[in-house]
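Following: one structure in structure tokens, then a few remarks.
The values are calculated or read from the model by the stated rules, or taken from the named source; none is laboratory data. The structure displayed is predicted, hence computed values, not measured ones. Positions of Cβ are generated from backbone atoms using ideal geometry, with glycine treated the same way; all protein chains shown enter the neighbour counts.
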Amino acid sequence: MTFKSLRVRTLGLLAGVAAAATGGPAVAADLFPFSTLIPVPADAANVQPGGAFTSFDISFADPILSQGRTGNIFIADRSNASVDIFSGSNTPDLTFLGRTPAIFTGQTGNNSTSGADGVLTVTTGGVTTLYAGDGNSTLKVFNVTTTATTASATLAQAPISTGGQFRVDEMAFSPLSSQVLAANNADLPAFGSLFSTTNGGHPPVALIGAQIKISGQPVDGGLEQPAWNPQTSVNGGASFWISVPTLTAAAGNPGGVAQIGTNGQVLATKDFQNLPGISSGGCSPAGLAVALNGNMLVGCNIAGTQAILLDKNGNLLNIVGAGTLGGTDEIWYDPTTNRFYVTGGPGGSNPGQRFFDVVDTDGNIVQTVNLPQTSSAHSITVDPVTGRVFVALAGSNPAGINSVCPLGCIDVFSATPLPGPIAGAGLPGLILAAGGLVALARRRRQKIV
């Protein structure tokens with residue numbers, strides 16, 4: 001995307017908001033003019049200067065407050081060797097509530113052995129279970145307890161080894177089969193593991209089946225973000241899909257995705273080698289998220305390339321923002337707005353600038369939001385009740401300076417005013433207030449699923 005096109009889009013959004021403030025028609029697009037920062041406190045395991053929050057991995061939102069769900073945000077915090085818990089759509093508002101015990105490998109200096117890594121929660125029957133991967137090839141399972149002002153997580157059972165040497169990374173949950181799929185992305189070769197759960201996703205949890213490997217993949221091919229797709233209608237129907245950075249040993253292979261059944265079998269692979277519109281840099285898929293209609297957005301980890309939109313069966317629908325995204329990691333899908341949220345940078349059309357893009361399920365970039373200067377901002381999640389976007393920002397370290405929150409923080413973006421210190425967008429108050437009201441009204445009209 002060129003600067004001109006971004007400027008035109010931004011002016012169009014503001015024009016729509018201004019029209020809404022005067023009784024005119026509003027545009028159906030997201031707008032995030034407000035931002036606030038949540039500090040990340042240090043614990044005894046943090047050995048960074050000043051107790052800084054400089055290393056983290058994936059974020060996860062426990063989706064909604066109904067059916068006993070917590071409304072909390074969970075972030076894999078390597079600097080504090082734990083998983084942090086923040087309030088998302090509950091009270092107290094936008095607050096650090098607590099964390100797991102500091103029993104992870106922490107910030108080792110080696111990405112392959114650091115932890116915590118992938119995280120997800122399952123909440124049913126008023127009980128929340130937290131799954132978190134660690135740098136020593138183990139899956140840790142916690143019982144999460146949340147009160148009005150605090151949250152804590154205690155080990156539900158002994159850590160489960162996947163039999164690898166390096167970290168258990170990103171994971172996905174199947175409500176159909178009550179299974180968790182987790183990826184050991186750094187092992188040579190990379191492999192996936194299936195775990196059975198009980199009572200809708202709770203302990204006891206057990207490793208089942210053999211290691212899942214992609215046939216024909218090079219030894220260093222890797223595995224990234226998986227997701228459960230209930231809409232898939234081929235090869236047995238509903239199944240897991242996972243990003244594969246390098247799918248075959250062919251020179252310059254751009255990667256692809258694999259379909260994995262609940263029996264642990266690789267049912268199909270989709271090679272991006274021959275897709276039209278793939279730039280010369282390839283793709284190296286990283287993030288993957290699934291929309292309600294089954295469309296899947298796959299982020300490319302090579303700066304200056306693009307994201308790829310697939311249908312529910314893995315067929316190409318669109319190349320998203322060619323030359324714009326790049327450098328993505330986690331992708332999140334918000335069912336309330338029916339939008340994908342994609343981290344990006346450095347690279348793309350504005351080298352060095354970290355940002356996130358809001359993408360609709362047809363593959364159109366709705367909005368680009370620039371982030372404060374930081375060495376790392378690859379983790380993103382959205383609370384579907386409030387529409388708030390949570391992005392972890394690494395504190396200042398040898399890789400880069402963070403002038404907004406030097407010790408690191410969680411930057412929260414919203415269409416409505418937020419409590420706490422504002423990293424202001426510098427727009428007129430009337431337009432901001434109107435934008436917030438329009439976005440809030442739109443969100444309240446949409447059904448949360």
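How many of the residues making up the stretch 101-111 are of a type outside the set (A, V, I, L, M), surrounded by fewer than 18 Cβ atoms within 10 Å (Cβ to Cβ) and in contact (Cβ under 8 Å) with a residue 40 or more places away in the chain?
Total meeting the criteria: 2.
When you scan the stretch 282-292, how many residues do you find that are in a loop (DSSP other than H, G, I, E, B), modelled with pLDDT of 90 or more and surrounded by 17 or more Cβ atoms within 10 Å (Cβ to Cβ)?
Filtering the stretch 282-292 for residues in a loop (DSSP other than H, G, I, E, B) gives 282-284, 291-292.
Then drop every residue that is not modelled with pLDDT of 90 or more, which leaves 284, 291-292.
Adding the requirement that they be surrounded by 17 or more Cβ atoms within 10 Å (Cβ to Cβ) leaves 284, 291.
Result for the stretch 282-292: 2.
Answer yes or no as to whether G24 is at positive phi and either surrounded by fewer than 24 Cβ atoms within 10 Å (Cβ to Cβ) or at pLDDT 95 or above (or both).
Answer is no for this residue.
Looking only at residues that are modelled with pLDDT under 90 and touching a Ser or Thr at 6+ places or on another chain (Cβ under 7 Å) in the stretch 234-281, which one is nearest to G327 (Cα to Cα)?
Restricting to residues being modelled with pLDDT under 90 and touching a Ser or Thr at 6+ places or on another chain (Cβ under 7 Å), the top hit is G281.
With respect to G98, is the statement that it is of a type in the set (G, A, S), surrounded by fewer than 18 Cβ atoms within 10 Å (Cβ to Cβ) and out of contact with any helix residue (DSSP H, G or I) (no Cβ under 8 Å at 6 or more places or on another chain) true?
Answer is no for this residue.
Can you work out which of the residues in the stretch 293-317 that are modelled with pLDDT of 90 or more and polar (S, T, N, Q) is nearest to G236 (Cα to Cα)?
Across the stretch 293-317, the extreme among qualifying residues is N313.
Would you kindly identify the strands (runs of 3 or more DSSP E) lying entirely within the stretch 131-233 that contain at least 2 residues that are small (G, A, S)?
Fully inside the stretch 131-233 and qualifying: 151-155, 171-174, 179-184, 191-198, 202-212.
Give the residue that is farthest from I38 (Cα to Cα), with candidates limited to residues of the stretch 83-130 that are assigned to a strand (DSSP E or B) and among the polar types (S, T, N, Q).
T124
Please work out if I242 is among the β-branched types (V, I, T), surrounded by 15 or more Cβ atoms within 10 Å (Cβ to Cβ), under 25 Å from the mean Cα position of the chain (by Cα) and part of a loop (DSSP other than H, G, I, E, B).
The answer is no for I242.
Do we have G115 as crowded, with 24+ Cβ neighbours inside 10 Å and either over 18 Å from P203 (Cα atoms) or of a type in the set (F, W, Y) (or both) here?
Yes; evaluated as a whole, the condition is true for this residue.
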